[in-house]
């Protein structure tokens, strides 16, 4: 059983949103700006034309961090949110009662409501689509024009992601909250 | 007849026999409609019917459109209905505390309000459940999976389970109060109170455990909830007694209410002290997620409504009259309940004020600043409907049961 | 945050276009709608996105048609429905990826507003009133007309078989050549306008004239790059976009972005400098001056390969194109110009990025020439890390037996142009001459395919007049575009996912041939383009032959000599003979002939082939592949024959500067209180063809007007306020987007919005169409459209 995570070479990101589209297409996610599992965040550059600060206009893809100590898993009253055998945080839509506690507990704004099942939904690392078919890449990784993402097994020392994390500096979002996210931003 | 069946039948017989011993008035619909037709009473009756109609319409709208009928969003998933639920359960816990003063802790002056308060606590929590049933997406599922696969680290699980237990104990305590079985009432009252306090602080813990929300995270909400519950309970006690005696209080009621007023004064003073320090420590040092949110809260009008209506006005009334002006306190309690409502709304809304993700996700949008929320018409209707249910149940209760203290 | 696009809107899906005899649009989620309308038509999905399953599926190689790049992918088809489009890792050019539009191709193919069956106009042009007809009736209407419009036969008869009365326009694509064969070669029309005169004709022409190539770039080994107004982060070109952004931000390639607007490319660059629109030439001339003045150029290289090099050096130095001279013109500080010129020449493999787009100002041709020469000064051509000429694959051209129409008169759209191109002409000159009555013979028929001039050619009012002036308009397209509303006969085409297309070669450095195959059968009653060409040709062949017989003296002679049947068959009058073989067969024939059977098998299965592919193609890591090993890539192929034409005498003969020269008429100035309108792209849309796509609308719901934040504050304009933008040729309205990413005297809006076609539910009335307000200025070399010369007024409404 694996321990899945993702490394993001986010400086490659050009904010084209191919990953957002591929995710929705692969996983049948509904349209709607508030119904996205993954997104690319951007900032307006600081400063006043023509003295604009390039570094402040960065692009940061983000999504569910599949934390090892996920607040969403802790707060779920019915265990609808659980860790599957690969360390992927999943939502069992048969058990979710939509108390929305997890939506408030998640520090990363990763969760939203799927109108069809009226339950909480989020990135699943394509577990029930691509991974279930035996593929080794997620939809977002596969489609990215500048190859920002590398998904893989953190427990496999030979995997591409393990090598990347061993050889390059990286950080995680809101690490001080102790959620132990499994998304690593390579610097 | 087999032994099993005999046992069952025997149990049913025993239960029926037990139920028959509970004193209540046999009333008909005519009796319910038979009240003193003063303008005030008519107005309240009309309002209640209107609110009940709202409830039906609101629930109907929800059943057709689902959560789209509400103003909740991805960034702000808890809205008016959660705030109203909290409002009701806090009232319930508060009434339980007030009711326990007499029959659990033995303070003689407060015995006269025990039955009424405990009944009030049942009625309010049922109203709260009526409101939240239409907020939780799948209430039936909740009842199944909360039992089969409970999330034992979830404050919502504990809150829900404990409130269910608390309601059970409150009902049992009330039954014993009706039967004037003071010993058993005390036992169940005590257990119910403890379970209720645990449930209520877990409700505060729902917010307190949110590491992602620095403004709410921490010790404050679980503890201050108990304090405000007590305050709310006293406000409602004033309101209930005010209506019971039409503001012409007999001596024993007057003594009790003056005592309650003085206690209230102390509690409000403590509350204001707590709140002030909470805001100051939140703002101090400019910690992002806490300081900026706290400063923003100070600029929003619901916060000042909470302070003015919930704390300042009643406090001034008590202070000026040294607790003696209990008629003034009745009116102040009504105002106070408005303030309490704002307290609950602020709690829910302020927790979600700061977006968790501060980057733009589309080019053509303003950068995220504060999360906005406006309750939808459906939510308002269901909330008012909850109030209507509460008033109706209480009123029927006053007819069905004798809520005054029994003569010794 | 507001949910910008209501989900309900997608569920409704009714089309406001009035179509008699047929339901024009059926909602994607209409109850019980599992079949396409025609019997045997493939199934339609039940929702806008379909979750992929884990069961049986086909993976069919396709080439994306959402833009020009033709990225290779595999279409996942489950139970007859396309559920996902995945990247194809075999095509070197597309680098194993699909951009947001590539992924959203599903929503275009299954767009409920698709043209589903042939239609003929029964109302006024532009009204949107059509009648559903059969294919036979549609072809007949083209030939014989109706009571609303004349047919081709009558028009040609009246014009005495002057085939030049027929004009045609076409958009880029793999079936483009087929349409050119049909209307150009077979029907004999020389009056052809395509997209190049409103796009890259001038830029490409400038590079081609100077270097003999419109080069690719080897980013892997480049270490310094100046990118002028090419927004590669948002105007995606493969493989450039994929390669360049992996190296910036201190990872090997220092990128300086020069652009009037702070685009996403600027955000990814190491340095951004704003430039005044249309003055890039002054900047490049100044950099050239610095290089010559400080003798930084690769003198030996230029002496060897340059033509007119010494004259050019003299020309630059004597004109004193100093950075101090350039600074007030282009707005870039002199010290920055010195620094960039020096850094460029000091770098080992510097690149001044060629760019590929419509033009900013009338000096664009000279700008690209100056850029090409500047690159050559570094000697970084035809080698690793430089401009790549490469070794493109040339598939044998297809022979089409084209009749010679004696009565056809020559093209006339030459006014004000130095090089009227033999093939694609100038849209603006052609259109305007016809409108002004300057055409020497009547132009009465417009055959259109995959082209939307109402939204793509500047000055929409004139395009409207032009289309209304025609006697017969025929449109072949997949969606009811603005231009389709002006057609008399509409023929619905199958989208790119529903057709097999002619094989094509791409790439200089790592060349390959690619083929797309139909993932599903054509939906509704649509047909693949080649079938439409064939059937239309069949229908027109004999009747039009009769007309030629009447007027064409040479033809009459030939018939007397050889007999009618022989002439008909041998001289190409059997119009349909170019499409006898289905496309798939033709492809096999070509590929097997050039590369053999094995190559065809690989191409057919994987959609891509290049020599030694089995040996060369390797997976390097989960994301990247090796297509050609470095030793086999075509870095250097020109050797000594490479020429850098610094002085182009042929231009002088036609009144154009032989060497890039600055003229003060190109100075940038905006009248007080007005704004210069500039155009550009976002990665989520391709011009006007994608604005009805539900998925892409989800990403950007409408276009906004960029206006400087401080200027907006002064004018009292906040985000989302409605503003009116007025130029001397038109007025539009859209919402405002105050930002510091644009200069106080400039403004910008995304191209492709503001559709007036009621047939497009999502695009209709959404945003503003910039073609309405852009003036139809042209540049003097090819007559290409100048896009950045329009000044506008803005006011809040």
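Taking the 0 to 90 degree range and rounding to the nearest ten, how far is the long axis of helix C:201-211 tilted relative to the main principal axis of chain C, both from C-alpha atoms? Taking Cα atoms only, the helix is inclined about 50 degrees.
Separation of the stretch A:31-106 and the stretch B:300-316, taken as the distance between their Cα centroids, equals 36 angstrom.
Under 13 Å from a label point set 7 Å out along the Cα-to-Cβ vector of residue A:135, the amide N atoms of the stretch C:83-112 belong to C:83-89, C:97-98, C:103. Extents of the protein assembly as shown, largest first, come to 133, 72, 62 Å (Cα atoms, principal axes, whole angstrom).
Once the Cβ-Cβ distance of residue C:293 and residue A:53 is raised to the sixth power relative to R0 = 35 Å, the FRET efficiency obtained is 0.60. One quarter of the surface of the convex hull around the alpha-carbon atoms of chain C equals 34.3 nm², the direction-averaged projected area.
Kindly identify the stretch C:669-796 as rounded, prolate or oblate by the Cα gyration tensor criterion: order the square roots of the eigenvalues as a ≥ b ≥ c, call it rounded if a/c is under 1.5, otherwise compare a/b with b/c, prolate if a/b is larger, else oblate. Cα axes put the stretch C:669-796 in the oblate bin.
Over the C-alpha trace of the stretch C:354-476, radius of gyration and Dmax come out as 19.6, 55 angstrom. Distance between the modelled labels on residue B:105 and residue B:246, one decimal in nanometres: 3.4 nm (7 Å Cα→Cβ projection). Using the rule -39500 (n - 2.57) for each DSSP H run of four or more residues, divided by the residues of chain B, the 222 nm mean residue ellipticity is -24000 deg cm²/dmol. Prolate is the label for the stretch C:154-231, because a/c, from the alpha-carbon gyration tensor with a ≥ b ≥ c as root eigenvalues, is 1.5 or above and a/b exceeds b/c. Roughly what % of DSSP beta bridges within the protein assembly as shown run antiparallel, to the nearest 5? That works out to approximately 55 percent antiparallel.
FRET efficiency for the pair residue B:254 and residue B:32, taken as 1/(1 + (r/R0)^6) with r the Cβ-Cβ distance and R0 = 25 Å, rounds to 0.25. If you find the alpha carbon centre of the stretch B:323-337 and of the stretch B:165-205, how far apart are they in angstrom? Cα centroid to Cα centroid, the span is 27 Å. Net length available on complete extension from residue B:9 to residue B:327 is 109.1 nm, with 0.36 nm assigned per residue and the Cα-Cα distance removed.
Looking at the stretch A:4-186 only, what percent of DSSP beta bridges run antiparallel? Nearest 5 please. The antiparallel fraction comes to roughly 85 percent. Is the stretch B:122-259 rounded, prolate or oblate when judged by the Cα gyration tensor, a ≥ b ≥ c being the square roots of its eigenvalues, rounded requiring a/c under 1.5 and prolate requiring a/b larger than b/c? Prolate, because a/c is 1.5 or more and a/b exceeds b/c. The long axis of helix A:18-27 is offset from the longest Cα principal axis of chain A by roughly 10 degrees. With respect to chain C, whose longest principal axis is taken over its alpha-carbon atoms, helix C:364-377 is tilted by about 50°.
For the stretch C:225-254 versus the stretch C:531-606, the inter-centroid distance based on Cα atoms is 44 Å. The relative contact order of chain C, computed from alpha carbon pairs under 8 Å that lie at least 6 residues apart in sequence, is 19 percent.
What nm distance separates the two modelled labels at residue C:797 and residue C:562, each placed 7 Å from Cα along Cα→Cβ? Those two pseudo-labels are separated by 6.1 nm.
The simple spin-label model puts a point 7 Å past each Cα toward its Cβ; for residue C:640 and residue A:180 those points are separated by 7.0 nm. In a fully extended conformation the segment linking residue C:521 and residue C:672 would gain 48.6 nm over its present Cα-Cα distance, using 0.36 nm per residue. Mind checking which of B:113, B:57, B:82 has the largest fluctuation in a GNM of chain B, springs on alpha carbons under 10 Å? Sorting by GNM fluctuation, first place goes to B:57.
Relative to the current alpha-carbon distance between residue B:219 and residue B:20, full extension at 0.36 nm per residue lengthens the span by 67.0 nm. In chain A, helices alone account for a calculated mean residue ellipticity at 222 nm of -4500 deg cm²/dmol, with every DSSP H run of four or more residues adding -39,500 (n - 2.57). Set the Förster distance to 41 Å, then compute FRET efficiency between residue C:665 and residue C:147 from the Cβ-Cβ distance, nearest 0.05. So the FRET efficiency works out to roughly 0.20.
So for the stretch C:692-759: antiparallel DSSP bridges make up what percent, rounded to the nearest 5? Bridges in the stretch C:692-759 are about 60 percent antiparallel.
Please order C:325, B:158, C:579 by the number of other Cβ within 10 Å, starting at the fewest.
Result, fewest neighbours first: C:325, B:158, C:579.
Residues of the stretch A:67-81 falling in the label zone of residue A:155, defined by backbone nitrogen less than 18 Å from a point 7 Å along Cα to beta-carbon, are A:67-70. The calculated 222 nm mean residue ellipticity attributable to helices in chain C amounts to -8000 deg cm²/dmol, summing -39500 (n - 2.57) over DSSP H runs of n ≥ 4 and dividing by all residues.
Each reported figure results from applying straightforward, stated rules to the coordinates on display, with no laboratory input. All figures in this text were calculated on a predicted structure; none of them were measured in a lab. FYI the Cβ positions are ideal-geometry reconstructions off the backbone, even for glycines, and counts take in every protein chain you see.
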